[in-house]
């Protein structure tokens, strides 16, 4: 019985970390897609691969996981650009990518 308890104690943090990563990726998709819609560009590939994971301090000073996701977009269908969504825990830190055209 004690070995089962130790196994659960070892596996639970891994499952929680994986689940938090998936939730962050879903939020990154929303933020990347919204940035593309605001800029009037095409969201490509419907995905946001994780490109950076590190421990860092958020805007509130708390230590937590900072995840950076890449997304791709196109201005006319013939080009391809990269954007980045950075999240600290659940909070959006920033989006680097398409800029709305003033007009």
Matching option when the condition is in a loop (DSSP other than H, G, I, E, B) and at pLDDT 90 or above, among 47, 19:
47
Just need a number here: residues in segment 61-98 that are outside any strand (DSSP E or B) and surrounded by 12 or more Cβ atoms within 10 Å (Cβ to Cβ).
5
Testing residue 13 on (1) surrounded by 16 or more Cβ atoms within 10 Å (Cβ to Cβ); (2) modelled with pLDDT under 95; (3) part of a helix (DSSP H, G or I), one condition comes back false. Which one is that?
(1)
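The values are calculated or read from the model by the stated rules, or taken from the named source; none is laboratory data. Since this is a predicted model, take the numbers as computed values, not measurements. As a convention, Cβ positions derive from the backbone with ideal geometry for all residues, glycine included, and neighbour counts pool all protein chains shown.
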